[in-house]
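First comes the structure, then the notes that go with it.
Please treat every number below as a calculation from the coordinates, not as lab data. Since the structure is predicted, the reported quantities are computational estimates derived from the model, not experimental observations. For neighbour counting, all protein chains shown are included, and Cβ atoms are generated from backbone atoms with ideal geometry for every residue, glycine included.
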């Protein structure tokens, strides 16, 4: 019997059990039939943050950002590139701190961009400031190895 990983569907927010050895096989949500991993960051809000971060067995890397922030906009392509290269080892997500102020306040986000790696709902690593894709990939890999 294979261990199952809980994955939260980015489209319907349902919690799906996926055998650990099938994560890289392009699993689909049995409820809404969309891929569970699409190789790009998902959008989180105050409404769905706890579901995605707290109920997923796969680590979640969250980019706390705002649309007016130039370093945030500069880092967005690197974050998307790393998401496409590292999923499904981790889920990559973005949270707009202007629109989701409750979550931003709960995690004491004082500067943006700030990246946080969560595992099982707990913060495992935090990094303020923009990074290039190589630096970002190294930081995420290091954080995942400790998670």
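In segment 105-140, of all residues being closer than 18 Å to residue 53 by Cα and free of Cβ contacts under 8 Å to residues at least 12 places away in the same chain, the one that is surrounded by the most Cβ atoms within 10 Å (Cβ to Cβ) corresponds to 106. Restricting the first member to segment 9-30 and to residues that are more than 13 Å from residue 57 (Cα to Cα), and the second to residues that are surrounded by fewer than 12 Cβ atoms within 10 Å (Cβ to Cβ), the beta-carbon pairs closer than 6 Å and six or more apart or on different chains are 21/2. Picking from residues in segment 58-70 that are surrounded by 15 or more Cβ atoms within 10 Å (Cβ to Cβ) and either more than 12 Å from the chain's Cα centre (by Cα) or free of Cβ contacts under 8 Å to residues at least 24 places away in the same chain (or both), the one that is nearest to residue 116 (Cα to Cα) is 65. Could you say whether any residue in segment 81-89 is in contact (Cβ under 8 Å) with a residue 60 or more places away in the chain, part of a helix (DSSP H, G or I), surrounded by 13 or more Cβ atoms within 10 Å (Cβ to Cβ) and touching a helix residue (DSSP H, G or I) at 6+ places or on another chain (Cβ under 8 Å)? For segment 81-89, residues in contact (Cβ under 8 Å) with a residue 60 or more places away in the chain, part of a helix (DSSP H, G or I), surrounded by 13 or more Cβ atoms within 10 Å (Cβ to Cβ) and touching a helix residue (DSSP H, G or I) at 6+ places or on another chain (Cβ under 8 Å): absent.
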